1. In segment B:180-231, which residues are more than 21 Å from B:Lys31 (Cα to Cα), among the β-branched types (Val, Ile, Thr) and in contact (Cβ under 8 Å) with a residue 12 or more places away in the chain?
2. Got a sec? Which of C:Arg60, C:Arg127 is of a type in the set (Lys, Arg), without any contact (Cβ under 8 Å) to a residue 24 or more places away in the chain and farther than 30 Å from C:Asp287 by Cβ?
3. Among B:Trp401, B:Trp376, B:Trp364, B:Trp316, which is the only one that is within 25 Å of the chain's Cα centre (by Cα) and modelled with pLDDT of 95 or more?
4. Within segment B:174-197, does at least one residue satisfy the condition of being more than 30 Å from B:Trp328 (Cβ to Cβ), not in a helix (DSSP H, G or I) and not acidic (Asp, Glu)?
5. Give the residue that is farthest from the other protein chains (Cβ to nearest Cβ), with candidates limited to residues of segment C:110-168 that are surrounded by 22 or more Cβ atoms within 10 Å (Cβ to Cβ) and within 22 Å of C:Thr56 (Cα to Cα).
6. Could you list, in sequence order, all residues of segment C:73-109 that are of a type in the set (S, T, N, Q) and either modelled with pLDDT of 95 or more or within 30 Å of B:Asp300 (Cβ to Cβ) (or both)?
7. Name the single residue that is farthest from C:Thr412 (Cα to Cα) among those in segment C:11-46 being over 28 Å from the mean Cα position of the chain (by Cα) and exposed (fewer than 14 other Cβ atoms within 10 Å of the Cβ).
Amino acid sequence: MAKRSVLGLYIEEDSAADALDHLRDAGFEDHEYEILTGTPYPEGTFGEAEPQHHLYRWPIFGALTGFTISLFYTSITQAAYPLLTGGKPVLAIPAMLVILYELTMLGAVIFTIIGIIFESRLPRFFMGAYSEKITEGYIGVTVTTDEDRTDKAEEALKKAGIDGEIIRGWE
Amino acid sequence: MATRTFDDKYPGQPFVQTDNSLESRKELSDKFLGIYNDTGSQRFWQISVIFGVLFGIGLLGYFWKIFATKDPGDFGYYAALFSFLMTTSAGAPMVAIGPRIANAHWRRSISRVAEIWTLIGTVNLIVFLPLLWVMPSLDNGRRSLVFYWEAKGDWWFPFLIKFSGHIWTTVSIITLIVLGIVLLWVSVMPDLALIRDNAPDGWRKKWASRLSRGWIGSSWQWNWQRHRMGTLGALYFMMLVLTHFFISTEFLMVHVPGWIDSLYPITHAHNALQGGVATVMLTMFVVSRIGPYRHYISLDQFHGLGKLLLALSLLWFWFWFCSFMIFWYGKKPSEQAILKLFVHGPYFPVFLAEFFFVFFIPWWTMVWNPVRRSVWGPAIIAISVLIGTFLDRVRMYVSTWDVAGISADKLAANGGQFSDEYPRNMMLNMTILDDPAFDRIMIIKNFEGLPVPTSAVLPTAIDGVIILGFVSGAVFLYMMASRLIPVINIWEQKELLLYNAEVQFHRAKVKVMGKPR
Amino acid sequence: MLEHTQLTDKELNDELLRDILTMPKWWLPAVLFLAAIVITGYSAFGYMVFNGLGVTGLNRPVFWGFFIANFVFWIGISHAGIMISAILRLTQAEWRRPITRAAEVMTLFSLAAALHTPLFHVGRPWRVFYWIFPYDFSRGIWPNVKSPFVWDPSAVGTYLIASTLFVIVCLIPDLAILRDRAKNKITKFIYAQLCLGFRGTTRQWKLQIVAGILLSALVLPIFVSVHTVVSWDFAVLIGTEGWRSTIFGPYFIIGAVHSGVSAVAMLMALSVWIYGLQNYIKPDHFDAIARLLIVVATTWFFFFFLEWVWAMFTLESPEIALRELQVGPWPWGPLFLIFVITSFVIPVPLWMFRRFRRSAAIMFFTTILVNIGMWLERFLIVIPSLMRRSHLTFDWGSYSPSLIEILIVTETFAFVALGMLLFAKAFPLVPIFDMKEGMRNRHLIKVGRRVIPATIREGLPHHYYNKEHH
């Protein structure tokens, strides 16, 4: 069945928090509704569940990748063209260390960035129910659910005193 | 507690009520005085007796040592002990000074723990003074930061020239100690006043009223205290860096021919910061988790200091590698000899252990959140860093003083004279080779005649006794000082009550922190 | 900071997007003027490619001149972005909010500017690929990773990529604001693509915050390594007096921080004057950055002192002769004097006074002085040392820049200014969402008659404390 999303806008933080309570009472699960805000709020402001993420794994994986690539780069190029310079051995570890370090860090950063985007569930191609008022300070509560449950969601959103009309969108 | 009221003057900014009631302030001091007035558990006294006895034995070893020998070569471990105490105890107060200047609230309950370490400077002064006799004067031609020339005139002028390195170092060390103690005193005054007014009669009350110097907490006094602490703290830091500059050159670098490392004074001072943070970390662990002050020192302090320790461990590697890279890359013979002396020569095992204790272990454990955000993690890492710092001091000082023993005194006895006109290592090459006293020294022709010891100097029993004794002495003095001086900074905690509130922010409980400056 | 203008989200959007959504009058002439300088510089480079490096003032033994000094200077400036944004982020300093983005963007453009001069300097820039990339399978010649000239591109490249990505990730929420505010359909479409469909869910904000901290922690070690590696371009050489010193890495870093933070202060004054950001950047901000600068400048001076002390300590006559050259004869002596006076002697005493610290004009003036001094510092490191590079006196020579070099160096300055202007036309120079967060977290504490600014602090997650109590 097709999923639909509905959005209610609130001016007060407490009304948005109430809306979450109503949604929970109406039997909606944590993954079905989301709070949309124009700025980060302290964790738990709306009584929402803390989102779980695995961002910390990404830099480790990236660092390993970067390290491996740089190890190949520094050692194989030297072994393939074994020219003694300045009395240093062909595989001169302190000299290699600089490049190993830089590329390890580069791998960690690139993977972290990919991780941030991926873990943020981005890129998002269809906006669904969204309002431009959110970046103006309104607080949005959006519910994404099966088509037949949207009425129930709208009712719960309205109960908390929304500002304006419900906004609907396709997922 | 939280009220969401707005003032017309400050639209859109809610006011917060802090819990600064008389009751909560009184609770803070009562709880503290309750612990303080309790004269210390039996275990406290048992432990202090052990440390005191060890200190006594250490003092015996100390006198034995200074009367038995004057050869710099025999003083390596002794100098390492001096430097270790200098690195840890004199670096520790920076944990109070730095965050205080940066206005970080988490320092408040541990600032005193850090400041009391300034008192240990006095123990270290006892260790330091004999080194002045052991270190050769400048008139045998050894290098110094101060350019030596043949001085004529009144007796004091040649003396000044001959011993300028000694004089500079002594002046800076004494200034550092005095600055530290004055800083402690200024900071402790309001708390001593608390004891003066509230403690039961006895020697503590008497001493507290003497030392609090009529502190009544007038706004003038508070203002005076804040400014003095700021100034003294900044001066202390500058003096600390300067002292490490003098020690690392006059007591270390100048004794090894060809060792020209402009970064090393900074590295030496950095080690002090690292050692200082580790010392405070360990002290606050002991005070709060073994001692009675658990209520005051929480995870926030361990976390704040733990991050600092991690950053300092990474910096350790950077400083070390910056020096190493230059020496390693150039393949200059003199610098190869230095690397052999300090890194991959006879002291390689020490270096390796140090590398692990002071960099690898802290780095590889503290990057993980669960370790960094615990109480046990940072405390264990602090022990590792302290062991590593001690090994570093052994590696640098023992090897250096070994070379100093060879090159300075024995050369002078040999009739050799250094001259600033010739690089000193050339002179070494000419004179040392004929001297049977240098069996142990491998003079490698390619290394421009730099002396590279082929074996490490091991500590004698006396060295062990002195090291154990004086480290125990430092702890003993700290424990004794904690009987009079409050280990927890009470007035800074009371001040925090003004600026700190737990507030209901819609559905979340959050902390609101104010910064008055 | 009590000086504070509380604004609503809508007011913040309107004020900070004004110059993006509308065209200020001064913008086009300024851009055209800077573009003309940049084009002149590139033309000079074209002329140099056509005629060879002979058109520069470089000659035996001074093979590194304006180009390399300018390279080190811009790398130094680029350190400010990370210094300000990462360190202040990690220490949760509230005053960072309005200035982080501008500082980071300055990092990007100054790094790009820094890359100009060494690439131009090699004469045939495309050949740099031979040094760096292992691609020459047919001839079997591979990069020499033992050379600092391979370390250097790897460090600078890593820094450039990492800081660019850092800026982009922190830009995403602001791009969403732009998407929602843009009136023109095409620009709206472009911003919508750039912001990747950001909506501001709890998860997205949480990751933004974690990303800010994690990336700061990752970029800081890179930042430290970059200028260290740049310093090793000089310091690993033996036989060039004045270069071979172990302190060079940290000395370059602290010098970079000195000039870079000064450049940020300069940028703050400029953005108040040009973009009218007085609601965001207050005298308190200048005060805070000036106090930071006192510490940085003093540390830098101590490092500078150490570098000299240990040069003298060697008692080697070539080293001492070089130092005499640096401080003595025309033009090095006077330049040295200007360098010390402008980078330390004038600014630091001025910063001691609160009244001067809080003045945008004074801060602008002093930080310009610092950067004049720091440019000269790099110049005095590069050229006099090379003049003595050869130990045979008949090879001694001097150096004076040619018009081509002057044009190219001028171009780098115009390039950075132009880049900043173009960036500020398309993207907000003040992180809007960060400002909004600061406004939302702002509280006040009343103690008696005194009102104290306060903010919400998020410490460790609660479960860490719970764990401890059990």
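1. Answer for segment B:180-231, where residues must be more than 21 Å from B:Lys31 (Cα to Cα), among the β-branched types (Val, Ile, Thr) and in contact (Cβ under 8 Å) with a residue 12 or more places away in the chain: B:Ile181, B:Val182, B:Val186, B:Ile216.
2. The unique qualifying residue is C:Arg127.
3. Just a single option satisfies the conditions, and that option is B:Trp316.
4. Taking segment B:174-197 and keeping what is more than 30 Å from B:Trp328 (Cβ to Cβ), we get B:174-197.
The next check asks that each one be not in a helix (DSSP H, G or I); those that pass are none.
Scanning segment B:174-197, I find no residue that is more than 30 Å from B:Trp328 (Cβ to Cβ), not in a helix (DSSP H, G or I) and not acidic (Asp, Glu), so the answer is no.
5. Only one residue tops the list, namely C:Phe120.
6. Hits for segment C:73-109 are C:Ser85, C:Thr91, C:Gln92, C:Thr100.
7. Result: C:Thr22.
Results for (1) surrounded by fewer than 19 Cβ atoms within 10 Å (Cβ to Cβ); (2) within 14 Å of another protein chain (Cβ to nearest Cβ); (3) touching a Pro at 6+ places or on another chain (Cβ under 9 Å), shown as yes or no for each residue.
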| residue | (1), (2), (3) |
| --- | --- |
| C:Pro384 | no, no, no |
| C:Ser390 | yes, no, yes |
| C:Gly397 | yes, no, yes |
| C:Ser402 | yes, no, no |
| C:Thr412 | no, no, no |
| C:Gly419 | no, no, no |
| C:Met439 | no, yes, no |
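The values are calculated or read from the model by the stated rules, or taken from the named source; none is laboratory data. These numbers were taken from a predicted model, which means no experiment stands behind them. With ideal geometry, Cβ positions are generated from the backbone for all residues, glycine too; neighbour counts draw on all protein chains shown.
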